[in-house]
1. Step by step: first the residues of region 6-32, then only those that are of a type in the set (Ser, Thr, Tyr) and open to solvent by less than 40 Å² (accessible area, probe 1.4 Å), then the one that is nearest to Pro107 (Cα to Cα). Which residue is that?
2. Tell me, please, whether a residue that is in contact with a helix residue (DSSP H, G or I) (Cβ under 8 Å, 6 or more places away or on another chain), assigned to a loop (DSSP other than H, G, I, E, B), surrounded by fewer than 19 Cβ atoms within 10 Å (Cβ to Cβ) and not hydrophobic (A, V, I, L, M, F, W, C) can be found in region 36-55.
3. So Thr105 passes all but one of these: (1) at pLDDT below 95; (2) surrounded by 13 or more Cβ atoms within 10 Å (Cβ to Cβ). Which condition number does it fail?
4. Collect the residues in region 56-100 that are among the basic types (Lys, Arg) and either crowded, with 19+ Cβ neighbours inside 10 Å or under 18 Å from Gln116 (Cβ atoms) (or both), keeping them in residue-number order.
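The values are calculated or read from the model by the stated rules, or taken from the named source; none is laboratory data. These numbers were taken from a predicted model, which means no experiment stands behind them. Every residue, glycine among them, receives a Cβ derived from its backbone with ideal geometry; neighbour counts consider all protein chains shown. Keep in mind that these areas ignore ligands, DNA and RNA; they rest on the heavy atoms of the full protein, side chains included. Shrake-Rupley method; radii C 1.70, N 1.55, O 1.52, S 1.80 Å.
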Amino acid sequence: QVQLVESGGGLVQPGGSLRLSCAASGSIFSILTMGWYRQAAGKQRELVAAITRGGSTNYADSVKGRFTISRDNAKNTVYLQMNSLKPEDTAVYYCNALVSGSYYTQPYDYWGQGTQVTVSS
């Protein structure tokens, strides 16, 4: 079993910044992909950003140029730097990791509990 623990959420004014962190722990052989999803009230969960072990990234169009995803493979941690925040960014942000427990097992998606980000004056 793998656990993902998010931190860094909170209340910020429009135009401000937040940095989210997610640390993975447990039975981990390798983490192939890590990412951030978000779910606003009344809406479906959507991909915000993702990053592979080798550092390749992709972003939702709505956050390109404002958000930056990064990871520290030695610490099994992924970060999301969020700048120029807008009220539309308000959502619960969930960490996701595609984890392999051994050389012989299939990778499996794990999810964090989520952290609230509220952008408001």
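1. Restricting attention to region 6-32, the residues satisfying the condition of being of a type in the set (Ser, Thr, Tyr) are 7, 17, 21, 25, 27, 30.
After this cut, where a residue has to be open to solvent by less than 40 Å² (accessible area, probe 1.4 Å) as well, the list is 21, 30.
Values: Ser21: 22, Ser30: 9 Å.
Within region 6-32, the match that is nearest to Pro107 (Cα to Cα) is Ser30.
2. yes
3. Condition (2) is where Thr105 drops out.
4. So the first thing to find is which residues in region 56-100 are among the basic types (Lys, Arg), and the list is 64, 66, 71, 75, 86.
Listed by number, the residues that qualify are Arg71, Lys86.
Here is a yes/no grid of residues against (1) assigned to a strand (DSSP E or B); (2) within 14 Å of Ala23 (Cβ to Cβ); (3) in contact with a Ser or Thr (Cβ under 6 Å, 6 or more places away or on another chain); (4) without any contact (Cβ under 8 Å) to a residue 12 or more places away in the chain:
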{"residue": "Ser62", "(1), (2), (3), (4)": "no, no, no, no"}
{"residue": "Ser70", "(1), (2), (3), (4)": "yes, yes, no, no"}
{"residue": "Ser102", "(1), (2), (3), (4)": "no, no, no, no"}
{"residue": "Asp109", "(1), (2), (3), (4)": "yes, no, no, no"}
{"residue": "Ser121", "(1), (2), (3), (4)": "no, no, no, no"}
